[in-house]
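Inspection log for the structure reproduced underneath, given as structure tokens.
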Amino acid sequence: MHAFLPSLPIALLAAVTLLPGCASESSKPESTTTNPRGETIHTASSGGSEGAGIPVPSDGLVIDYNVAIPMRDGVNLSANIFRPASPGKRPIILSRTPYNKAGTGKGGVDRRRKFIEAGYIWVDVDVRGRGDSDGQFRPLFNEGDDGYDTIEWCGRQPWSTGKVGMLGGSYGGYVQLAAAVRQPPSLACIAPTVACPDPFVDGLFMGPTGLPGPICVSWYHYTAGRLNQSSAGSDWAKIFKHRPLITLDDAMGMDIPFWNSMIEHAQLSDWWEEARYQNKLDKLTVPCLHISGWYDDEQVSTIINYTQASTKAPPQVARNQKLLMGPWPHNANASTKIGNLDFGKDAVIDMDALLLRWFDRWLKGTQNGIENEKPVRIFLMGANTWRDEETWPILGTRFAKFFIHSAGNANSSNGDGMLSTLMPSSPGALSYDSSDADRYTYNPADPVPFITDASFSQVGGPDDYQQVEKRDDVLVYTTPPLTAQVDICGPIEAKLWATTDAPDTDFTVRLCIVRADGVSQRLCDGIVRARFRDGMDKPRLISPGKPLDYTIDMWSTCQSFMPGERIRIEISSSSFPQWDTNPNTGERLGFEQSMRSANQVIHHSALHPTHIVLPILPSSSR
């Protein structure tokens, strides 16, 4: 079978936006185009590279191109500064990007003009080693200190009030948090959208398998060198299959030293500490507006960031954390639809209006009351409504255990797998629980496909997994049709009891909503690599043949299940190319020279009750 299926529902990725989270730019003219992650690449249709410090007036707007910002080690970063022609001190909106600020087209200028007319100065900066900035680009590394130095430079300028706010998405969200935990005095607030997490969390840089997902090598190709690299001639589907991962960069025709360094450090260690911020969120000193979407392929980061900052930061900081979660992919707030799935006219909001209220409050001191509004605003898919809440998870959420059952033949959607709140072997479950386990063989040469486009642009979405669920190496467990609406909203976790005959292997779990017409729509999923079951910093091979318990973080979702729909989970051992395939040999990660099949047993007895924990909202909260 092929290694992955094409993702038909992700056609929205061609949408034109300035930054993730800015819907107002999605219909701007051709002078603005997006990179594959939804961040904007500009064409220079409104002014070019005029030289450092030469003001270019444009209807009251002055643009200073290629202004040098010195870092502590002597490296200069390049900035374009958009400011009003009139004199005076103003707060700063700072955006740092690895995707080249090179020039700004009409759509980008119009957006910046909106912020400048609202009383701000906007500063765009190429990160180290990208665009016009000096130095070497090492993803994640340097961003904390460079961010600190850039913020303080902005705060010292004669046209600055000394207060700096930051915005940006994806990597542009990561750089905000990496700098913020270092407590730059001039930083007053941030607004990270779809921010990248620490290494070993999601998979773009390093995932919970200890390695980056193969699909992510296309991002490293894109950001190699100073300019964005075209991959139009790359056969990514073929490249992703290459093994070992240490030479995956060579297979795509480009030597990327940082890729090799990552693979050589395939576990959490001190080597990664400079690139981490999520273990330092208790050091935050500024208000943060955390923005993401349920189908953002880095969604887990935003949830972690809000949860940690709102509970571990000092009280005066914790109470000024906000969480906004929409029905969006990584290219957040760009459309009311993901493929053919329409979330209704309210799914897209005026993000810039929200951002201006946020910055007005924390950069100007405007008493607009935003800090008094409920801190959590989330979109309930299916019901297609926004909810304002006091907490995340939502107050009153019941975390219900749904256990798997079968007569030993849960292989594929044609099997006898059942999902129920009844414990295994309980009297009510005996009619469909005559076996204590299900079995399948995982062959890494024929991994279970993950439905996605063949690049890093959007890793998966609300795709239909009916065809995938016909495989015998996918165990499928489904509830009967629901008789009443059930709202599942919050973090999802699976507790798996499994046995393998391999010294190392993987286990995956996916949550789906089964529509009345049979469509099995993906909601969220997760993976555990056996050697990391005790933590990403504690790898150890397992004893074959011994039942072990595994906890799988499946991220979060917020979905209404309507009467007639069903809740389904899939259990398997691969999801390619979302994650690298485990060769089951226990060899050094990324350097494996061989592979073998693994015989897997998923237990569901009273002693070993495999289950998923679902967050169910009280019906009274609707």
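The values are calculated or read from the model by the stated rules, or taken from the named source; none is laboratory data. Remember, predicted model here, so these are calculated numbers, not experimental data. Cβ sites come from the backbone with ideal geometry, for glycine too, and all protein chains shown count toward neighbours. These accessible areas exclude ligands, DNA and RNA; they are computed on the full protein's heavy atoms, side chains included. Shrake-Rupley method; radii C 1.70, N 1.55, O 1.52, S 1.80 Å.
Residue count for region 77-107 under the criterion of being surrounded by 20 or more Cβ atoms within 10 Å (Cβ to Cβ), part of a helix (DSSP H, G or I) and among the charged types (D, E, K, R): the result is 0. Kindly check whether there is at least one residue in region 552-566 that is surrounded by fewer than 23 Cβ atoms within 10 Å (Cβ to Cβ), acidic (Asp, Glu), within 18 Å of Ala445 (Cβ to Cβ) and at pLDDT 95 or above. Within region 552-566 (the criterion being surrounded by fewer than 23 Cβ atoms within 10 Å (Cβ to Cβ), acidic (Asp, Glu), within 18 Å of Ala445 (Cβ to Cβ) and at pLDDT 95 or above), the answer is no, since none of the residues qualifies.
Please tell me if Asp59 is surrounded by 18 or more Cβ atoms within 10 Å (Cβ to Cβ), more than 31 Å from the chain's Cα centre (by Cα), farther than 14 Å from Ser133 by Cα and at pLDDT 50 or above. Against the criterion (surrounded by 18 or more Cβ atoms within 10 Å (Cβ to Cβ), more than 31 Å from the chain's Cα centre (by Cα), farther than 14 Å from Ser133 by Cα and at pLDDT 50 or above), Asp59 does not qualify. Of all residues in region 438-461, those that are small (Gly, Ala, Ser) and at pLDDT below 95 have Cβ atoms under 6 Å from Cβ atoms of residues that are open to solvent by 10 Å² or more (accessible area, probe 1.4 Å) and outside any loop (DSSP other than H, G, I, E, B), 6 or more apart or on another chain, in Ala454/Trp236; Ala454/Ala237; Ser455/Trp236; Ser457/Leu13.
For the criterion of being closer than 30 Å to Ala484 by Cβ and either touching a Leu at 6+ places or on another chain (Cβ under 6 Å) or touching a residue at least 60 places away in the same chain (Cβ under 8 Å) (or both), Leu363 fails. Checked against (1) farther than 17 Å from Gly213 by Cβ; (2) aromatic (Phe, Trp, Tyr); (3) open to solvent by less than 10 Å² (accessible area, probe 1.4 Å), Trp259 meets all criteria but (1).
For region 465-486, the set of residues classified as crowded, with 19+ Cβ neighbours inside 10 Å and touching a helix residue (DSSP H, G or I) at 6+ places or on another chain (Cβ under 8 Å) consists of Val474, Val476, listed by residue number. Out of all the residues in region 113-123, which are open to solvent by 10 Å² or more (accessible area, probe 1.4 Å) and either of a type in the set (Lys, Arg) or not in a loop (DSSP other than H, G, I, E, B) (or both)? Answer for region 113-123, where residues must be open to solvent by 10 Å² or more (accessible area, probe 1.4 Å) and either of a type in the set (Lys, Arg) or not in a loop (DSSP other than H, G, I, E, B) (or both): Arg113, Lys114, Ile116, Glu117. Give the residues of region 207-221 that are of a type in the set (Val, Ile, Thr) and either open to solvent by 10 Å² or more (accessible area, probe 1.4 Å) or under 13 Å from the mean Cα position of the chain (by Cα) (or both), sorted by residue number. Once the filter is applied, which keeps residues that are of a type in the set (Val, Ile, Thr) and either open to solvent by 10 Å² or more (accessible area, probe 1.4 Å) or under 13 Å from the mean Cα position of the chain (by Cα) (or both), region 207-221 yields nothing.
All but one of (1) of a type outside the set (A, V, I, L, M); (2) in contact with a His (Cβ under 9 Å, 6 or more places away or on another chain); (3) surrounded by fewer than 19 Cβ atoms within 10 Å (Cβ to Cβ) hold for Asp249; which doesn't? Unmet for Asp249, out of (1) of a type outside the set (A, V, I, L, M); (2) in contact with a His (Cβ under 9 Å, 6 or more places away or on another chain); (3) surrounded by fewer than 19 Cβ atoms within 10 Å (Cβ to Cβ): (3). Gln183 falls short of the stated requirement of being open to solvent by less than 10 Å² (accessible area, probe 1.4 Å) and within 22 Å of Ser301 (Cβ to Cβ). Go through the residues of region 162-170 one by one and say whether even a single one is open to solvent by 10 Å² or more (accessible area, probe 1.4 Å) and either assigned to a loop (DSSP other than H, G, I, E, B) or at pLDDT 95 or above (or both). The answer is yes, given that some residue of region 162-170 is open to solvent by 10 Å² or more (accessible area, probe 1.4 Å) and either assigned to a loop (DSSP other than H, G, I, E, B) or at pLDDT 95 or above (or both).
Set side by side, the residues Thr311, Thr302 differ, and just one is within 22 Å of Trp358 (Cα to Cα), modelled with pLDDT of 95 or more, open to solvent by 20 Å² or more (accessible area, probe 1.4 Å) and not acidic (Asp, Glu), which is Thr311. Within region 395-431, being within 28 Å of Leu607 (Cβ to Cβ), under 30 Å from the mean Cα position of the chain (by Cα), among the hydrophobic types (A, V, I, L, M, F, W, C) and part of a loop (DSSP other than H, G, I, E, B) holds for no residue.
Considering only region 430-459, state which residues are touching a strand residue (DSSP E or B) at 6+ places or on another chain (Cβ under 7 Å) and not hydrophobic (A, V, I, L, M, F, W, C). Listed by number, the residues that qualify are Tyr432, Asp433, Asp436, Asp438, Arg439, Tyr440, Thr441, Tyr442, Pro447, Pro449, Gln458.
Mind checking whether some residue in region 35-51 is modelled with pLDDT of 50 or more, assigned to a loop (DSSP other than H, G, I, E, B), on the phi > 0 side of the Ramachandran plot and open to solvent by 50 Å² or more (accessible area, probe 1.4 Å)? Taking every residue of region 35-51 in turn, none turns out to be modelled with pLDDT of 50 or more, assigned to a loop (DSSP other than H, G, I, E, B), on the phi > 0 side of the Ramachandran plot and open to solvent by 50 Å² or more (accessible area, probe 1.4 Å). Applying the selection to region 88-139, what residues are in contact with a helix residue (DSSP H, G or I) (Cβ under 6 Å, 6 or more places away or on another chain) and of a type in the set (Asp, Glu)? Passing the criteria: none in range. Cβ separations smaller than 9 Å between residues 6+ apart or across chains give the following pairs from region 558-572 residues that are over 23 Å from Gly293 (Cα atoms) to residues that are basic (Lys, Arg) and not in a loop (DSSP other than H, G, I, E, B): Ile571/Arg510; Ser572/Arg510.
For region 335-355, filtered to residues that are modelled with pLDDT of 95 or more and assigned to a loop (DSSP other than H, G, I, E, B), the residue that is most open to solvent (accessible area, probe 1.4 Å) is Asp350.
Taking the listed residues Asp132, Asp110, the one that is among the acidic types (Asp, Glu), outside any helix (DSSP H, G or I) and open to solvent by 10 Å² or more (accessible area, probe 1.4 Å) is Asp132, with no other qualifying. Number of residues in region 83-98 that are within 17 Å of Val67 (Cβ to Cβ) and polar (S, T, N, Q): the value is 2. Of everything listed in (1) closer than 30 Å to Phe205 by Cα; (2) open to solvent by less than 10 Å² (accessible area, probe 1.4 Å); (3) at pLDDT 95 or above; (4) not in a loop (DSSP other than H, G, I, E, B), the single unmet condition for Asp145 is (2).
Would you confirm whether any residue within region 386-394 is in a loop (DSSP other than H, G, I, E, B), closer than 30 Å to Leu324 by Cβ, open to solvent by 20 Å² or more (accessible area, probe 1.4 Å) and in contact with a Leu (Cβ under 7 Å, 6 or more places away or on another chain)? Checked region 386-394: at least one residue is in a loop (DSSP other than H, G, I, E, B), closer than 30 Å to Leu324 by Cβ, open to solvent by 20 Å² or more (accessible area, probe 1.4 Å) and in contact with a Leu (Cβ under 7 Å, 6 or more places away or on another chain).
Kindly state which helices (runs of 4 or more DSSP H) lie completely within region 193-295 and contain at least 1 residues that are free of Cβ contacts under 8 Å to residues at least 60 places away in the same chain, over 16 Å from Tyr306 (Cα atoms) and touching a Leu at 6+ places or on another chain (Cβ under 9 Å). The helices (runs of 4 or more DSSP H) meeting that bar are 217-222, 236-240, 257-264. Among the residues here, Gly233 does not qualify as more than 22 Å from Arg72 (Cα to Cα), open to solvent by 20 Å² or more (accessible area, probe 1.4 Å), modelled with pLDDT under 95 and in contact with a helix residue (DSSP H, G or I) (Cβ under 9 Å, 6 or more places away or on another chain).
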